[in-house]
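Written below as structure tokens is the structure these notes are about.
The values are calculated or read from the model by the stated rules, or taken from the named source; none is laboratory data. Here the structure is a predicted model, which is why all the values come from computation and not from measurement. With ideal geometry, Cβ positions are generated from the backbone for all residues, glycine too; neighbour counts draw on all protein chains shown. Protein only, heavy atoms only, side chains kept; ligands, DNA and RNA dropped before computing areas. Shrake-Rupley method; radii C 1.70, N 1.55, O 1.52, S 1.80 Å.
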Amino acid sequence: MVPYEVIYSLTEAILKIDKSVRWVCVANKEGVIINERTREGLKLLLTEEENEEYAANAISRQKTRKKFEPKIGALIYAFGKYENVNRATIPINDNYFVLLTFDSSESNFDQIIMEKIIPNIYKNKEQFNSDS
């Protein structure tokens, strides 16, 4: 089991990476949110229950992508652009995932994810052992 402090520190660090990050969570392979953080003063678009359902669905979609990895490679991140928000799913390993939302006006999401968020995840990756 990953120490809660590690997960808390990761969500806190990712939330502070860029002002366009609205919400971030770490979920396990069952889609259960272990920790989440919201930008200060922000009213979320979804309720707590809806975020839990979103997390479970995002992890489920990731599991269906796994079967194609031998041919297309491992997922770096999945991204969805919506009218009111942008969403990303980033695997830490097979057991843990970072889910986050950006302001819908953010167009530089790939650079933020690839140059800021993923390096932060990778520097903490060894602390996420293979246990669920």
Greater than 23 Å separation of Cα atoms is the criterion. Which listed pairs, K16/K66; K29/K123; K19/K63, meet it? K16/K66; K19/K63
Grab the Cα-Cα distance for K81 and K116, subtract it from 0.36 nm times how many residues apart they are, and report the gain in nm with one decimal. 10.7 nm
Where only protein heavy atoms count, and the probe is 1.4 Å, what is the accessible area per residue for the chain in Å²? 57
Calculate the tail of P(r) for the range 87-132: the fraction of all Cα-Cα distances greater than 13 Å, expressed in %. 58
Just to be sure I follow: if Rg is taken over the C-alpha atoms of the chain and Rh is the Kirkwood radius over the same atoms, what is Rg/Rh? 0.93
Springs between alpha-carbon pairs under 10 angstrom, Gaussian network model over the chain: which of I92, I76, I59 fluctuates most? I76
Computed helical MRE - 222 nm, the chain, DSSP H runs ≥ 4 contributing -39500 (n - 2.57), nearest 500: -10000 deg cm²/dmol
With label points built 7 Å along Cα→Cβ from the Cα atoms of E69 and N129, find their separation and express it in nm. 2.0
Please compute the Kirkwood hydrodynamic radius of the range 54-115 from all pairs of different C-alpha atoms, in Å with one decimal. 12.4
In the Gaussian network model of the chain, springs joining C-alpha atoms below 10 Å, which of P119, P91, P70 carries the largest mean-square fluctuation? P70
